[in-house]
Amino acid sequence: MKILYLTNIPSPYRVDFFNELGKYCELTVLFERKSAGDRDKRWKIDEFKYFRYIFLKGKNIGQDASLCPGVVSYLKREYDAIILGGYSSPTYMIAIDYMQIRGIPFFLNADGGSVKGDSRLRYLIKRHYIGSASAWLSTGERTNQYLMYYGARREAIYHYPFTSVREAELYCPDKEEKNKNKEQILAGNKKIILSVGRFLPLKGIELLIKASGQLCGKADVYIVGGKPDEAYLRLQREQGASNVHFIDFMEKEKLRAYYLAADVFVFPTLDDVWGLVLNEAMSFGLPCVTSKWANASHELTEDGKDGYLIDPRDVNDMAEKLELLIADDQLRSRMGERAYEKIKNFTIEKMAERHRDIIKGGIWKCKR
């Protein structure tokens, strides 16, 4: 089975997925560029093992897109499946138009998406490129709705478990191990609330700082992902949030110690196509207080069962849900165990197996 996959950059979790999928097929991956302009330079590429990779030549555009006209030379009928990891870059658009003209079927993959107030022209452009696919790969029902709004047919949409976690990385520590990891991070045995994300306005860090001020003396809040500017530091002082600790970006291996020490994870984003940090937190058995503005929250979290779904703009509600989990050891343990059981179905291995089964089945090659 031969598969061609076009994507933008070799992000570590994608490379893990390609290595796993490459065990089932003859896989060639076309990358638009080597890195994204808005990523920390320490966000390293993993090793390419089980697939052939090609970096296209072209002109970089924006943070992670490129214009690579040469992509058409790789689009051939000899593949059992061609998968596009998006539609919005010039390279994707060239590829889609070329395959539509040539009658070459292809999958369009969507990690997530939300319908927004597009102009008529923007809507028609998106409908053209999204609707031109032969079949669609979706992360869940909310993504289905997004795809269908722009022309996808429900009967040709196939779900897969989207993740960045390998089976070997699933690990739920017991109380003793958690306490040992806490001692490595801070002196004492305080409750720890963890959040991971870049210091961008849409990540909701300002809202989390405000909520954290209400938890001072009850829990320490660690926000990992960058260096705060003066605005964040000033807000921390104004909110009396001395329990907030800002931690610079760290690689996955080092971040593991924080996941192992944490009692609760909070994801206060105001806009996320998916939100892989939620997968990662659940893989360590953490109950999560997570934003309704991330697609991952709706697919992974059952409100009140394995975590809480919130609107982070309601700072008081965020603080209340965090305090509930911090104060009740049994509730926290019960929700964490349920989260851990659920995320076992969302691994890189299962993601690759699902892609294999969809493509091998051949039913996606239906007439447009």
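Nonpolar atom fraction for the chain, defined as the carbon and sulfur part of the 1.4 Å probe accessible area, stands at 48 percent. Close amide-amide hydrogen proximity is noted between ILE247 and ILE223, VAL224, GLY225, GLY226, each under 5 Å apart and 5 or more residues distant or on a separate chain (H modeled in the peptide plane; Pro and chain starts excluded). Remark: spin-label model distance GLU341-LEU233 equals 4.7 nm, labels positioned 7 Å along the Cα→Cβ axis. Rolled with a 1.4 Å probe across the full set of protein chains, the surface gives LYS23 an accessible area near 110 Å².
Backbone geometry of the range 141-149 corresponds, through the Karplus equation with coefficients 6.51, -1.76 and 1.60 at θ = phi - 60°, to 3J(HN,Hα) couplings of 5, 5, 5, 3, 4, 4, 5, 5, 4 Hz, x marking Gly and Pro. When a/c reaches 1.5 or more, the comparison of a/b and b/c decides; with that in mind, is the range 1-150 rounded, prolate or oblate per its Cα gyration tensor? Taking the square roots of the gyration eigenvalues as a ≥ b ≥ c, the range 1-150 is rounded. Computed from backbone phi with θ = phi - 60° and the Karplus coefficients 6.51, -1.76 and 1.60, the 3J(HN,Hα) list for the range 274-288 is 9, x, 5, 4, 5, 3, 5, 5, 5, 5, 9, x, 9, x, 10 Hz; x is used for glycine and proline. Compute the signed sum of charges (Lys and Arg +1, Asp and Glu -1) over the other residues within less than 11 Å, Cβ to Cβ, of LEU56. Residues close to LEU56 contribute a combined charge of +3.
In the range 232-295, if the dipole is taken from +1 on Lys/Arg beta carbons and -1 on Asp/Glu beta carbons about the Cα centre, which of VAL264, SER242, LEU278 is farthest to the positive end? Checking the options against the dipole of the range 232-295, the answer is SER242.
Here's how it looks for ILE310: its modeled amide H is under 5 Å from those of THR290, SER291, LYS292, which are all 5 or more places away or on a different chain. A dipole drawn for the chain from +1 and -1 charges on Cβ atoms has a positive end, and of SER291, THR301, ALA95 the residue lying farthest that way is ALA95. Scan around ALA81 for amide H atoms under 5 Å from its own, H built in the peptide plane at 1.01 Å from N, and keep only partners 5 or more places away or cross-chain. Under 5 Å from the amide H of ALA81 lie the amide H atoms of LYS2, LEU4, each far enough along the sequence or on another chain. Keeping all protein chains in position, work out how much accessible area LYS350 exposes to a 1.4 Å probe, and write it in Å² to the nearest 10. That residue has around 70 Å² of solvent-accessible surface.
The angle separating the long axis of helix 252-261 from the principal Cα axis of greatest extent in the chain is about 40 degrees.
Helix 90-102 axis versus longest C-alpha principal axis of the chain: approximately 40°, rounded to the nearest ten. On a 0 to 90 degree scale, rounded to 10, what angle separates helix 120-131 from the longest Cα axis of the chain? Value to nearest ten degrees: 70.
Here the dipole of the chain is about 1420 debye; that uses its Cα centre as origin and unit charges on the Cβ of Lys and Arg (positive) and Asp and Glu (negative). Considering only ASP303, ASP229, ASP111, the Gaussian network model of the chain with Cα springs below 10 Å gives its largest mean-square fluctuation to ASP229. Comparing THR163, LEU200, ILE358 along the charge dipole axis of the chain, the residue lying farthest to the positive side is ILE358, per the Cβ-charge model. Rolling a 1.4 Å probe over the protein heavy atoms gives the chain an accessible area of 45 Å² per residue. For the range 117-170, count all C-alpha to C-alpha pairs, find those more than 19 Å apart, and express that count as a whole percent of the total. Taking all Cα-Cα pairs of the range 117-170, the fraction more than 19 Å apart is 39 percent.
Note that the range 133-139 has calculated 3J(HN,Hα) couplings of 5, 8, 7, 10, 9, 10, 8 Hz, one per residue in order, obtained from phi through the Karplus relation 6.51 cos²θ - 1.76 cosθ + 1.60 (θ = phi - 60°); glycine and proline are x. Scanning the chain for GluC sites (Glu not before Pro) lying in DSSP loops with no more than 12 further Cβ atoms inside 10 Å, the longest uninterrupted stretch between such sites is 79-250.
The values are calculated or read from the model by the stated rules, or taken from the named source; none is laboratory data. Treat the numbers as computed from the prediction; the structure is a model and nothing was measured. Because the Cβ atoms are built from the backbone with ideal geometry, glycine has one as well, and the counts that use them run over all protein chains shown. Protein only, heavy atoms only, side chains kept; ligands, DNA and RNA dropped before computing areas. Shrake-Rupley method; radii C 1.70, N 1.55, O 1.52, S 1.80 Å.
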